[in-house]
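Asks: Have a look at this one.
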Amino acid sequence: MSSFFVVLASVVAGTVVSGLLACLPGLHVYNVMGALVLGILSLESSGVAIPPDVFLPAMTGMVVGWSMINTIPSVLLGTPDESALFTVLPGQKYLMSGRGYEGTMITALGSLAGAYFLVLVVAPCAPVYLPVCQQVLKGHMHWVLWIIITFMIMSEWPKGGNRGRAGWAKFYDAWKTLLAGLATFILAGLLGFILLTRSPVSHEVAFQNIMPAFVGLFAVPWCLLNIISAADVPKQRITKSLDMNGDIILRSVWSGGLGGGIAAYFPIVTGGVGGMLAGHACAQREERIFIMGQGVSKFIYYVGAFMFLFVPGLNLTRGGGAWMVKTLHTPMGMGDYYMVLGCIAISAALSYLMMSPLARGTLWLIDRINYRHASTLALGIILVMVFAVTGWIGMFIAAVATGVGLLPVLFGSRRLNCLGILLLPIACNMSGFGEVITAWMGLT
């Protein structure tokens, strides 16, 4: 009985802490979990053992709480991570029409539906079917990843060229977004080769070596765009009903569950890529379905990837949270699996209850602070975080990545191409010719 209360207290503490930290723009839960892992390892080296009943529920609560509540800064403050990119544009449309609270709560409802789907549908089937799927697919991951990359690039269709004089000017107008997308993907991929092969970041924080690049690719350009555009956010309305029904929820779970499941299961395929694939596959057009489905997708991407580590017979380490846990603890059969599932359910319910007051508080803050000043504050927090973790080297990496991340902003191409920083080097290494490229770049 005492162990039950320890687990309950740990998961509640992890959820509350991550929920509050999730409201800070640009701060990722894996940065906080990385510091927690270092602290636990330091205590263990000093002879103080932290039992798994304490840190496993806490880390589960941190992943669940952040994956749901991080919707608030993504929609209301405009500093998304890559898995929120599809949510942000419709979400900011809600914000600019005075419905920012409704947009965040619809996304949170999607995350809650994703928790139901993960615990009640995926979890009972996972120990039976996923180990078999893993045995069948483990030799084919490289070409699956290349197909996903090809589809992602080919789906960046030319957007212009319908009017004007024929010739090179018309050709450039038609293909500038596609060329910008290709340039973004290739440049981000080359940066990824450098960081994954010979990272200049100190070995003491090697687990955060990719963080400055992600901040530069995704968060900084968005903050700069908000500062330059200086949009006036209208007064927000607090609604008492989200006007959702069972049909919308089920269709959202179908599209979001597919996208999040693809991202959680396949290596290096993140939530943004999974959401794009699911969007093309399911073709759901209704705006509320789109926003809610992305809430489902983001939750299943982060929490599902974490849960797969504990599935008996599978033990996948697809997400950063799973990698960190594996440095501390090896899953011990169905006992750990059931404990993590219970913690997911408790944390999801608590996170949803926290959403409304935290969203209201953020809107209260926006109502009293100019949106440009809020974006400047968000940018300052991001840069301080990068400097505190990785120093001046990390600031330099973030600056270089920001140059790449601004290409989609300037040319109107898809920001998802920035994920070439992981997709390209990992796909090349899995296919066996990564060493050729690293030798060409002088990294061997």
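The values are calculated or read from the model by the stated rules, or taken from the named source; none is laboratory data. Model, not experiment: these values are computed from the prediction. Please note: Cβ atoms are built from the backbone with ideal geometry, for glycine as well, and neighbour counts cover all protein chains shown.
Asks: Restricting attention to region 256-275, and to residues there that are β-branched (Val, Ile, Thr) and part of a helix (DSSP H, G or I), which single residue is farthest from Arg318 (Cα to Cα)?
Replies: For region 256-275, the residue satisfying everything is Val273.
Asks: Here's a follow-up. Go through the residues of region 330-348 one by one and say whether even a single one is of a type in the set (A, V, I, L, M) and over 24 Å from Ser18 (Cβ atoms).
Replies: Yes, region 330-348 contains a residue that is of a type in the set (A, V, I, L, M) and over 24 Å from Ser18 (Cβ atoms).
Asks: Can you name the residue in region 7-37 that is of a type in the set (A, V, I, L, M, F, W, C) and within 15 Å of His329 (Cβ to Cβ) and, of all such residues, is farthest from the chain's Cα centre (by Cα)?
Replies: For region 7-37, the residue satisfying everything is Val7.
Asks: Restricting to region 243-255, and then to whatever is surrounded by fewer than 16 Cβ atoms within 10 Å (Cβ to Cβ) and farther than 29 Å from Arg318 by Cβ, can you tell me which residue is modelled with the lowest pLDDT?
Replies: Among those residues, the one meeting the criterion is Asp243.
Asks: If you don't mind, another one. So which residues in region 315-373 are assigned to a loop (DSSP other than H, G, I, E, B), within 22 Å of the chain's Cα centre (by Cα) and not β-branched (Val, Ile, Thr)?
Replies: Residues satisfying the conditions are Asn315, Leu316, Arg318, Gly319.
Asks: Now for a different question. Of the residues Ser45, Ser83, which single one is among the polar types (S, T, N, Q) and modelled with pLDDT of 80 or more?
Replies: Result: Ser45 is the single residue among Ser45, Ser83 that is among the polar types (S, T, N, Q) and modelled with pLDDT of 80 or more.
Asks: Continuing with this model, one more query. Being among the β-branched types (Val, Ile, Thr) and modelled with pLDDT under 85 narrows it down to one of Val88, Val128, so name that one.
Replies: Step by step, each of Val88, Val128 is checked, and only Val88 is among the β-branched types (Val, Ile, Thr) and modelled with pLDDT under 85.
Asks: If you check Tyr337 against the conditions, is it of a type in the set (Phe, Trp, Tyr), in contact with a Leu (Cβ under 8 Å, 6 or more places away or on another chain) and crowded, with 17+ Cβ neighbours inside 10 Å?
Replies: No.
Asks: How many residues does region 183-204 hold that are surrounded by fewer than 18 Cβ atoms within 10 Å (Cβ to Cβ), modelled with pLDDT under 90 and assigned to a helix (DSSP H, G or I)?
Replies: So the count comes out to 3.
Asks: Residues of region 435-444 being assigned to a helix (DSSP H, G or I) and free of Cβ contacts under 8 Å to residues at least 12 places away in the same chain, which ones?
Replies: Of everything in region 435-444, those that are assigned to a helix (DSSP H, G or I) and free of Cβ contacts under 8 Å to residues at least 12 places away in the same chain turn out to be Glu435, Val436, Ala439, Trp440.
Asks: Another question, then. Only one of (1) part of a helix (DSSP H, G or I); (2) modelled with pLDDT under 85; (3) not acidic (Asp, Glu) fails for Ile300. Which number is that?
Replies: With respect to (1) part of a helix (DSSP H, G or I); (2) modelled with pLDDT under 85; (3) not acidic (Asp, Glu), Ile300 is out only on (2).
Asks: If we keep just the residues of region 1-19 that are without any contact (Cβ under 8 Å) to a residue 12 or more places away in the chain and in a helix (DSSP H, G or I), which is surrounded by the most Cβ atoms within 10 Å (Cβ to Cβ)?
Replies: Ala9
Asks: Restricting to region 232-254, name every residue that is β-branched (Val, Ile, Thr) and over 22 Å from Leu76 (Cα atoms).
Replies: Ile248, Ile249, Val253 - these are the residues of region 232-254 that are β-branched (Val, Ile, Thr) and over 22 Å from Leu76 (Cα atoms).
Asks: Condition check: at pLDDT below 85, buried (at least 16 other Cβ atoms within 10 Å of the Cβ), closer than 24 Å to Leu422 by Cβ and among the small types (Gly, Ala, Ser). Does Ala322 satisfy that?
Replies: Here the answer is yes, as Ala322 does meet what is asked.
Asks: Considering region 298-350 alone, what residues qualify as being on the phi > 0 side of the Ramachandran plot and in contact (Cβ under 8 Å) with a residue 40 or more places away in the chain?
Replies: Residue satisfying the conditions is Gly313 alone.
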